[in-house]
Every structure is written in C-alpha cells, then in structure tokens.
Amino acid sequence: MLHYKRILLKLSGESLQGNDGHGINPDILNNYASQVKEIVEQGVEVGVVIGGGNIYRGLKGQNQGFDRVKGDYMGMLATVINALALQSALECIGLRSRVMTAIGMEPIGEMYSKLRMEHALSKKEVVIFGAGTGNPFFTTDTAAALRAVEMGADVLLKGTRVDGVYNADPEKNKNAVKYDKLTFDEAYSKNLQVMDLTSFTMCKQNNIPIIVFNINVEDNLKQIVQGEKVGTIVKN
C-alpha cells in the first residue's frame, strides 16, 4: 500500500557523475530511471528536479571571475542537460516523461506551467523540471521546494550519497551521529543544513515533509513510498 502518492524527487547533479568526477555515468543514470519506473508502476505520481553540479555550478564560476548572474544561467542550462538525459533513460525503458523548463527553450523542453504539469501527472508521465526556478541566485533545492508546493506533493525526497541527516559530515567524521527524524525547528536550531534556507522554509510553511536518503541503495525509493522508515524525515 502506498504511503505517498505524489512525490517530488530531488537529485543532485553530482550524484549522476558517480566516481567519474564529472559528466553523466550511464549506469547510475539507468539505475535512477529503473527506480523511478518501479514506483510509477505502483501508482506514484512523480516530479523530478535535478541539479547541474556534475557539469557546471554557478558559484564555482563566480570564483573564477564569471559574473554571478551569467554563471547561474550557465548552471541552469546544465540542469536541462541532465533533465534530457533522465528523460532519455526513462523512455528507453518504456516510461513516458516530459521535460518542463523554467525558461523558454522549445523544442528542447516545453515551458513550465502548472496546468501542463497536472495534465502530464494525470497521465502517469514523469515530469522533469529543468532550469531551476528560472532566476539567478536561487538553488535547485529552492526549485525542488517550489515545484513540490505547486504540484501538491505529499513529500519532498532528497536523494543523496549518504543515508540521512547527521550532526557532522559522515564522509569526513566517522563519529557523526545520524538522526532518524527531526522537526523543521530542530534542524534549523542545530544548523544541520538539510537544504538551503529558502527551500527549507518553503517546505515548513507548506507542511511538506522532507526525507533525506541514499538514492544509490536499491529499493530505498520504493520502500519510502510504501511508508518504510528510510533515511531521515524532517517535518513539522
């Protein structure tokens, strides 16, 4: 039985590169596509936001002398490349999907609108949101929170390389302690940086729980939508 029937899945661009250090690892991409297909076939309606850090990060460009606004737009284009890659992987395994972009760039993707998004979800298509919010100075975490609110998602699932939220970086500190559940206020007071503050506040105000989990572990996504305790849940 499904616990969550409509989800927003946030994937980092870095997760797509695997151990390659850059670009898109086809094995990881296909694994993510297979996991999404499995839950769609169970009846879950899925929206996806992907970062672009495996290709280009706007903040990195600023450190290299790029104008911040231009750098952020370059990052938005990177997210669209990742969105198209995921769309291709989904369609190769027989799952219908569409890319919607926050900036007009037909025929690469169609311009985002809530009406089109709802129509696609009603037909069990996966909707992949590209180009962030379409505005500089906003992260793809904020884009994920925004789209989660607009689509009326039951939950925002943040797929990462680690299995939840810790009190320190578990990849650097072997004594880091994992939290199974947190309130938004607890996460904020402990400065745990689950997501950036704008996206975090948006989820809190709209009562959308956030689950941080390891997307690279098989069946994690399926177990979450079925109500199993996986990763860390942050909620009011």
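The values are calculated or read from the model by the stated rules, or taken from the named source; none is laboratory data. If you're wondering where the values come from, they're calculated on a predicted model, not measured in any experiment. Here the Cβ positions follow ideal geometry from the backbone for every residue, glycine too, while neighbour counts run over all protein chains shown. Note: accessible area is taken over every heavy atom of the protein model, side chains too, but ligands, DNA and RNA are not part of it. Shrake-Rupley method; radii C 1.70, N 1.55, O 1.52, S 1.80 Å.
Per-structure values
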item	result
Sum of -39500 (n - 2.57) over DSSP H runs of 4+, divided by residues of the chain (222 nm, nearest 500)	-11500 deg cm²/dmol
Phi-based couplings in Hz for the range 187-203 (Karplus 6.51, -1.76, 1.60; Gly and Pro marked x)	4, 5, 5, 8, 6, 7, 6, 4, 9, 5, 4, 4, 5, 4, 5, 5, 5
Of 161, 98, 116, the one that fluctuates the most in a GNM where the chain has Cα springs shorter than 10 Å	116
Label-point separation, residue 193 to residue 178 (7 Å along Cα→Cβ), nm	2.0
Whole-angstrom gap from the range 177-218 to the range 25-54, using each part's C-alpha centre	21
Reachable lysines, given that their alpha-carbon falls under 30 Å from the alpha-carbon of residue 229 and they are not under 8 places away in the same chain	5, 10, 37, 123, 124, 158, 172, 174, 178, 181, 190, 204
Relative contact order of the chain, defined on C-alpha pairs under 8 angstrom at six or more residues apart (%)	23
Gaussian network model of the chain, Cα within-10 Å springs - most flexible of 52, 65, 43	65
Selected from 83, 32, 1, residue furthest toward positive end of dipole (the range 1-92; charges at beta carbon)	83
Cα-centre dipole for the chain with unit charges at Cβ (Lys and Arg positive, Asp and Glu negative), debye to 20	320
For the chain, convex hull of alpha carbons as volume per residue, Å³	122
Kirkwood-based Rg to Rh ratio, the range 152-218, C-alpha trace	0.96
Solvent-accessible area per residue, Å², over the chain with all protein chains present [probe radius 1.4 Å]	48
Cα lying deepest toward the dipole's positive end in the range 116-169, options 159, 135, 121, charges on Cβ	121
Accessible surface of residue 183 - all protein chains present, 1.4 Å probe, nearest 10 Å²	50
